[in-house]
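What follows draws every value from the coordinates through simple rules; no lab data is involved. Predicted model only: the values in this text are computed from it and were never measured. Every residue, glycine as well, gets a Cβ built from its backbone with ideal geometry; the counts of neighbours run over all protein chains shown.
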Amino acid sequence: MGIISGFSKFNRKQRLDFISDHSGLDESKVLFLNDSCAVNEHHQRLYSEMIENYIGNFTMPIGVVTNMVVNDEPLIVPFVTEESSVIAAASKAAKFWAERGGFRATVHQMTKKGQVHFNWNGNPSKIHQLFPGIQEKLLFSTRDLTDKMRTRGGGITGIGLVDKTNELVDYYQIDVSFDTGDAMGANFINSCLEKMAITLQNLDELNSDNNSVDIIMAILSNYNPECRVQCWVECPVEKLAGWSKNLSYSTFANRFKQSVEIANLDISRAVTHNKGIFNGIDAVLLATGNDYRATAAGAHAYASKEGKYKGLTQVTLSEKTFRYELEIPLALGTVGGITQIHPMVKNITAILKYPDARKLMMIAAASGLANNFSAVASLITTGIQSGHMKMHLSNILNQLNATEEERNRTNTHFKGTTVSHSAVHDFIRQIRVSS
C-alpha cells in the first residue's frame, strides 16, 4: 500500500470501508466498529469533532469508589479504569481511613509554566540590562489575551529571563508563570507564549545589523512543581489494627514504613510504587476529562527533582502516630478541553458535586494515596496477587467464553483456591470434558 492521501476528508463510512479493505476485516468487525457509534446524533457529532480521522467510540468501564472522605466531606468518586482490583483497592482504603478521620488535603499553589526558547547572538550583559523594558513589552503584547483571565483572578503572574549560554551557545529562555484558575489553560498559555515570541522577534533593541533573535519554540511546560497538592492520612499507631489479621499494628506500621523507604532507595521499586498512585489519579483524570499524560510526565519529573527517581510518598512514624503523605504536582482543570462538552464527563462532574480545580486536585490526590496505601498494605501482608487475581477471574472466564453454569461452578471452586489463568483454564476444561 502506498502513501494515503485525503483520508481525513472521508466521512466515517468511507473510512471504515477503507480500513476494512486494507485490513481484511470481516463484516462482523466492521459492523461492531459501526455500532460503537450508536449514540444520539448530537453526542456522535461531539465525539467526531474531538479527534481526527474518527471511526467510532472506545468504551471504558466507569465505577465508583465509596466512603472517600476528603477534608471531612464524604464523596462518591467515579473511576474510569480497565484494571481489575483498582476500584476495590481504593474503596477498601477509603473505608479504612474514613473510620479514622479520612483524607486531608491542601493545595499550595496553582502556578503553571510556559517558555519561549530562543537564540540571541549579542552580549549577554546587554540583554540582561534591557530585560526590564522587554518584560513590560511582552506583557503589553498579551493584554488582549489576558483580559478575561485577569477578571477571573488569573493571568500572567511572572516573566523571567533564563540565560543558558554557558550550556548552549546563544541560547536563552523566557520563563512565564500563569494562574489559569479553574481552566486547564493549555490553549491560553500557548497563545500568550506565541504572541510573546512574535514580539520578541521584532524588538528593535535586540535586532540590528549585528544581532538578531531566532525563535526556536514557544510552548507550555508540563513540569509544574508550583501547581502542587499535598494529601495525607494520620492516626494513632494502634488504630492501624484491623487491616491485617496476621500482623500486629506495630509490625504493620514498621513494615509499611520500610516499604516506602525502599521506594525512595531503589528505582525499580519506586516506579511501581508510583504507578500504584496513578492507578487512582489516572482513573479520576480520565473520568473528568483531564490530561492524564501531562500530569504523569510532570509527576515523574517531580519524583526525580533531587537527581534520583524516588517514590512520591513519605511515612512519618513515631511511638504514637502514623502519618502517610503524598505531595505531587497536579495541573488540573474543570473548565476547558472536553470538560464541558463530553456528556459523560459532565455527568461525572455532577457526581463529584461540581468541584473547582483546587478541589479536584485534592480528590485526585486522595484517590492516588488510597490506591497506593492499599497496594503497599497488601504487599506487606497477603501479597498483591490474591486479591488481584480474584478480581481478574471474571476476565479470564470471559476469555474462555464460559457459560453461566461454568461461571457459577468456577466461582465456587476458586473461593478458597489461588486463581491463575492456567488453573481456571484447566478447571473449565475438566467441566467440559465431563459434560
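The length gained on full extension between Leu46 and Ile262, counted as 0.36 nm times the residue separation minus their Cα-Cα distance, comes to 73.1 nm.
Computed about its Cα centre, the charge dipole of the chain is approximately 1380 debye, with only Lys, Arg, Asp and Glu carrying charge at their Cβ. Can you compute the label reach from Asn187? Point 7 Å from Cα along the Cβ direction, backbone N cut-off under 20 Å, restricted to segment 352-370. It comes to 357, nothing else.
For Ala283, the shell of other residues with beta-carbons less than 11 Å away shows a net charge of -3, using +1 for Lys and Arg and -1 for Asp and Glu. Which pairs in the list Lys308/Lys346; Lys245/Lys320; Lys13/Lys353; Lys92/Lys310; Lys164/Lys305; Lys13/Lys148 are over 30 Å apart, alpha-carbon to alpha-carbon? Distance filter (> 30 Å) returns Lys308/Lys346; Lys13/Lys353; Lys13/Lys148. Multiplying the residue separation of Arg100 and Arg152 by 0.36 nm and subtracting their alpha-carbon distance yields 15.0 nm. Residues in segment 352-363 carry Karplus couplings, in order, of 7, 6, 6, x, 7, 4, 4, 5, 5, 4, 6, 5 Hz; the curve used is 6.51 cos²θ - 1.76 cosθ + 1.60 with θ = phi - 60°, and Gly or Pro positions show x. Within segment 30-87, the chymotrypsin sites (Phe, Trp or Tyr not before Pro) that combine a DSSP coil assignment with at most 15 other C-beta atoms in a 10 angstrom radius are Phe58. Cβ crowding within 10 Å, taken as a proxy for footprinting-reagent exposure, orders Met344, Met60, Met362 from fewest neighbours to most as Met60, Met344, Met362. What the Cβ-Cβ distance of Lys245 and Val433 gives, at R0 = 51 Å and to the nearest 0.05, is a FRET efficiency of 0.85.
As a proxy for reagent exposure, Val315, Val271 were ordered by neighbouring Cβ count within 10 angstrom, fewest first; the result is Val271, Val315. Considering only Leu393, Leu330, Leu75, the Gaussian network model of the chain with Cα springs below 10 Å gives its largest mean-square fluctuation to Leu393.
Tell me the net charge near Ile134. Cut-off is 15 Å between Cβ atoms, Ile134 excluded, with +1 for each Lys or Arg and -1 for each Asp or Glu. Net local charge, Ile134 excluded: -2. For the peptides 233-243, 280-290, residues were scored by their other Cβ atoms within 10 Å and the scores averaged per peptide; the highest-first order is 280-290, 233-243.
Of the residues Gln230, Gln399, Gln314, which exhibits the maximal mean-square fluctuation in a Gaussian network model of the chain defined by a 10 Å Cα contact cut-off? Greatest mean-square fluctuation among the candidates belongs to Gln399. Build a GNM of the chain with springs between Cα atoms under 10 Å apart, and of Phe256, Phe118, Phe103 the one that fluctuates most is Phe118.
Fully extending the segment from Glu205 to Val335 would add 42.9 nm, taking 0.36 nm per residue of separation and subtracting the current Cα-Cα distance.
Taking every DSSP helix (H) stretch of at least 4 residues in the chain, weighting each as -39,500 (n - 2.57) and dividing the sum by the residue count yields a mean residue ellipticity at 222 nm of -15500 deg cm²/dmol.
Here r is the Cβ-Cβ distance between Thr403 and Glu234 and R0 is 56 Å; the resulting FRET efficiency, rounded to 0.05, is 0.70.
Label-to-label distance for Glu82 and Ile4 is 2.0 nm, based on points extended 7 Å past Cα in the beta-carbon direction. Taking a Cβ cut-off of under 9 Å around Val237, the surrounding Lys, Arg, Asp and Glu residues balance to a net charge of 0, with basic ones at +1 and acidic ones at -1.
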